[in-house]
């Protein structure tokens, strides 16, 4: 499977969680749990994406515009990392916390649109279909090497029920 398909799938999963977060009141415990899941999903996604995907594009991008587009994507990751850091904080889960999740969602949606148009087009230009498939396999292997979700996650609770 192409890395582009893998990334799109993860984008849809992350955006679904961010959309779900909008349904909860700021002090709802489910929002705090969902914020942990969002933080973990996005942190992992960005780490693997920069290492496997962006790294390959960066090696091959020769034109100034290509490098600018790629560095814009890196910068959007840095902005997201700052917002994700706010989710990790131990402060009160209030209206400000929910607003930060909303801003994170807006930032991620913008990034996804840009990445799936500009960066994906760049990847298709600079990498062969076989290379994209190989990167997809590497992504899946990297995912499998990650530790299982923490026992206090919603998924673990569902399995126990």
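Can residue 38 be described as in contact (Cβ under 8 Å) with a residue 12 or more places away in the chain, crowded, with 16+ Cβ neighbours inside 10 Å and closer than 25 Å to residue 128 by Cβ?
In short, no.
Out of 79, 6, 103, I need the residue that is assigned to a helix (DSSP H, G or I), crowded, with 17+ Cβ neighbours inside 10 Å and within 17 Å of the chain's Cα centre (by Cα). Which one?
6
What are the residues in region 1-34 that are farther than 25 Å from residue 92 by Cβ and in contact with a helix residue (DSSP H, G or I) (Cβ under 8 Å, 6 or more places away or on another chain), if any?
To start, the set of residues in region 1-34 that are farther than 25 Å from residue 92 by Cβ comprises 1-13, 15-16.
Residues satisfying the conditions are 1, 2, 3, 4, 5, 6, 7, 8, 10, 11, 13, 15.
Say we look at region 142-153 and pick out the residues that are closer than 20 Å to residue 9 by Cα and surrounded by 11 or more Cβ atoms within 10 Å (Cβ to Cβ); which of these is modelled with the highest pLDDT?
Restricting to residues being closer than 20 Å to residue 9 by Cα and surrounded by 11 or more Cβ atoms within 10 Å (Cβ to Cβ), the top hit is 142.
Count, please, the residues in region 113-132 that happen to be closer than 14 Å to residue 55 by Cβ and outside any helix (DSSP H, G or I).
1
Identify, by number, the condition in (1) part of a helix (DSSP H, G or I); (2) modelled with pLDDT under 95 that residue 26 doesn't meet.
Single failed check for residue 26: (1).
Being surrounded by 16 or more Cβ atoms within 10 Å (Cβ to Cβ) and under 14 Å from the mean Cα position of the chain (by Cα) is the filter here, so list the residues in region 106-133 that pass it.
107, 108, 111, 112, 115
The values are calculated or read from the model by the stated rules, or taken from the named source; none is laboratory data. Nothing here was measured: the structure is a model prediction, and the numbers come from that model. Heads up, the Cβs are rebuilt from the backbone with ideal geometry, glycines too, and the neighbour counts pull from every protein chain shown.
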